[in-house]
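Engineer: Supplied in structure tokens, the structure appears directly below.
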Amino acid sequence: KAQLQAEQLPLKAQHSQLRVEQSQLKAKEAQLQAETQGLMKQLQEVNTQLKAEKQARLQAEQNYTESALEAARLLEAERGQLNEEKQARLQAEQALRQEQQARMQAEQRYE
């Protein structure tokens with residue numbers, strides 16, 4: 001029996017050593033899991049920030065486009081108004097010339 005106990009001593013020591021290693025591995029696994037969770041949280045924060053930046057950029061582009069379209073509409077309206085004023089001026093000038101021509105014809109007939 002003493003011999004059996006003596007043979008079991010190295011096995012018990014090895015068993016204790018394996019338990020220590022198993023505890024160390026579990027601690028390491030917990031540490032890695034915590035690090036992974038931290039990295040996943042950072043990744044999520046970066047993704048959220050990127051989405052917000054993208055949304056802000058898209059909104060800025062949309063605002064710029066809308067401003068450019070509004071400016072183009074205003075320019076077109078102003079161009080139309082200028083064309084109308086030019087047309088009215090040309091008609092007034094033509095009416096004035098016709099009136100002068102009619103007056104000259106009347107004066108010629110009078111003479």
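The values are calculated or read from the model by the stated rules, or taken from the named source; none is laboratory data. These numbers come from a predicted model, not from an experiment. Cβ atoms come from the backbone with ideal geometry, glycine included; neighbour counts cover every protein chain shown. Note: areas computed on protein heavy atoms with side chains; ligands, DNA, RNA excluded. Shrake-Rupley method; radii C 1.70, N 1.55, O 1.52, S 1.80 Å.
Engineer: Which one of these does Glu21 not meet: (1) open to solvent by less than 90 Å² (accessible area, probe 1.4 Å); (2) within 21 Å of the chain's Cα centre (by Cα); (3) charged (D, E, K, R)?
Structural biologist: (2)
Engineer: Evaluate the following for Gln49: is it surrounded by fewer than 10 Cβ atoms within 10 Å (Cβ to Cβ) and in a helix (DSSP H, G or I)?
Structural biologist: No: the conditions fail for Gln49.
Engineer: Output yes when any residue across region 26-41 is in a helix (DSSP H, G or I) and over 43 Å from the mean Cα position of the chain (by Cα), and no when none is.
Structural biologist: yes
Engineer: Of the residues Arg109, Arg89, Arg97, which single one is of a type in the set (Lys, Arg) and either exposed (fewer than 10 other Cβ atoms within 10 Å of the Cβ) or modelled with pLDDT under 95 (or both)?
Structural biologist: Result of the check over Arg109, Arg89, Arg97: Arg109.
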